[in-house]
Amino acid sequence: MKVLVRILIFLAIILTVIFYSDQTIQENELLEAPGSRGQALPQENLSPPSGEGTIPRPEKGLSTLVGQNTKEIINSFGEPNRIEASAFGYDWWVYNDSITNYMLIGVMNDTITQVYIAGEDLDAFPYQVGQTIDDLYRFTIIESEISVQLDSSVYTFTINDVDMKNRLLVKFNGLYAQIYVDEEDGKVEAIRFTDPRTTVLHQPYEMTYKGDYLAPDVPSTYEQKAINESNERLLFDLTNVFRVKHSVDTVVEDEDLHMVARKHSEDMAMENYFSHESPDFGDLENRLEESQIVYESAAENIGSNYYDSAEVVHGWLNSMDHRKVLLKTDFTHLGVGTFGKYYTQNFVEREVLNRKNINE
């Protein structure tokens, strides 16, 4: 009898392993932006930043463009490949000729408000995409609290332990640098230089403030539609950027998958839930079947409360299960959908011929 019980237990384990290893649909844990973004707390006893220990602003590299007229970027790099909208009043100028030169330039009223650098060949002085975090810490003092003063108002960001590992913030004189680190390989994946006002508008970390609360204007329905579509295009761009940076083939854009992903992000936003399973449309398998999408395997990443597409991609990259989906070599096609601060990626595996690397 004992032998029979042992055999049955063994068979049950084997069947369980076979069942889970044969799953064609993967849905990860939910991923929300860290901190309390959108929940800034007023605090009357905040002191203006003293200025002591502030690092002098770099005198060379792309960070020097922040605050300059757009003529400076055009003189150096030409016209952008395209221009996208944002939720913060500035436009994104997209330079995407190659992975090694990929960058986004934030522009408002012909003035450069920020530079997001993902290309290793670009001059991100005093940092460099691809450098190790150990090297970064050797010459950079990283503080857990950083204050920004705009007129008489003071805003203080608290960088928590998780952010200290993969989303650092460094204060220069009149300039801020967000440094995105890949925890898996300990290397800098991207750097974002921002002016003080844009840093506060983004509210990238837990924030307290004294004075006026600074928030972006609420977009019209028409403007929000344009913002959502821009975020989708940037999300698709950045997905392939980081796949190639990790030696994985690019994925092909799929319009049907795109509509499934967009519908799910919109559904989460409108129905006020955050889950892979829609109360009305079911899980990913249900939604793909409803849209008659053919696939060999599929997976979904979702994220919420990130302030833009770059932030959510870095969040997925540093979440192990989401990272596996983002960088999985089997996937060939992708649809992305955003609605407000809800983001969805739907990957599928299909047979594809002559898939090209983005660098080609």
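The values are calculated or read from the model by the stated rules, or taken from the named source; none is laboratory data. Note that the coordinates shown come from a computational prediction; the quantities given were computed from them, not determined experimentally. Quick reminder, even Gly has a Cβ in these numbers, built from the backbone with ideal geometry, and neighbours come from all protein chains shown.
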* To do: Spot the failing condition for Ala299; the list is (1) surrounded by 19 or more Cβ atoms within 10 Å (Cβ to Cβ); (2) part of a helix (DSSP H, G or I), and only one is missed.
  => (2)
* Asked: Can Lys171 be described as within 18 Å of Tyr205 (Cβ to Cβ), in contact (Cβ under 8 Å) with a residue 40 or more places away in the chain and in the same structural domain as Ser47 (by the TED database)?
  -> yes
* Asked: Before we move on, is Ala310 closer than 30 Å to Tyr102 by Cα, at pLDDT 95 or above, over 18 Å from the mean Cα position of the chain (by Cα) and not in a loop (DSSP other than H, G, I, E, B)?
  -> no
* Structure fact -> The lone condition Ser275 fails out of (1) more than 22 Å from Val252 (Cβ to Cβ); (2) within 12 Å of the chain's Cα centre (by Cα); (3) not in a helix (DSSP H, G or I) is (2)
* Asked: If you check Ile73 against the conditions, is it without any contact (Cβ under 8 Å) to a residue 40 or more places away in the chain, under 28 Å from Glu232 (Cβ atoms) and assigned to a strand (DSSP E or B)?
  -> no
* Might you check whether a residue that is over 19 Å from the mean Cα position of the chain (by Cα) and under 14 Å from Lys341 (Cβ atoms) occurs anywhere in segment 218-239? => yes
* Matching residues, segment 52-68, being touching a residue at least 12 places away in the same chain (Cβ under 8 Å) and either assigned to a loop (DSSP other than H, G, I, E, B) or loosely packed, with under 14 Cβ neighbours inside 10 Å (or both) -> Gly53, Thr54, Pro56, Arg57, Pro58, Lys60, Gly61, Val66, Gly67, Gln68
* Confirm whether Val336 is part of a strand (DSSP E or B) and crowded, with 23+ Cβ neighbours inside 10 Å. => yes
* Structure fact -> Counting only strands (runs of 3 or more DSSP E) wholly inside segment 76-146, the ones holding at least 2 residues that are in contact with a helix residue (DSSP H, G or I) (Cβ under 6 Å, 6 or more places away or on another chain), more than 24 Å from Ile159 (Cα to Cα) and not β-branched (Val, Ile, Thr) are 82-85
* To do: Among the candidates Ser291, Ser247, Ser275, single out the residue that is surrounded by fewer than 17 Cβ atoms within 10 Å (Cβ to Cβ), under 20 Å from Glu349 (Cβ atoms) and in contact with a helix residue (DSSP H, G or I) (Cβ under 9 Å, 6 or more places away or on another chain).
  => Ser291
* Can you name every residue in segment 261-272 that is assigned to a helix (DSSP H, G or I) and either at positive phi or hydrophobic (A, V, I, L, M, F, W, C) (or both)? -> Ala261, Met268, Ala269, Met270
* Cβ-Cβ below 9 Å, separation at least six or inter-chain, first residue in segment 121-146 and polar (S, T, N, Q), second part of a helix (DSSP H, G or I) and surrounded by fewer than 18 Cβ atoms within 10 Å (Cβ to Cβ): which pairs? -> Gln128/Asp135; Ser144/Asp161; Ser144/Met164
* Asked: Here are Tyr90, Tyr116: which of them is surrounded by 19 or more Cβ atoms within 10 Å (Cβ to Cβ), touching a Gly at 6+ places or on another chain (Cβ under 9 Å) and under 29 Å from Ser247 (Cα atoms)?
  -> Tyr116
* Asked: So which of Phe193, Phe172 is surrounded by 19 or more Cβ atoms within 10 Å (Cβ to Cβ) and aromatic (Phe, Trp, Tyr)?
  -> Phe193
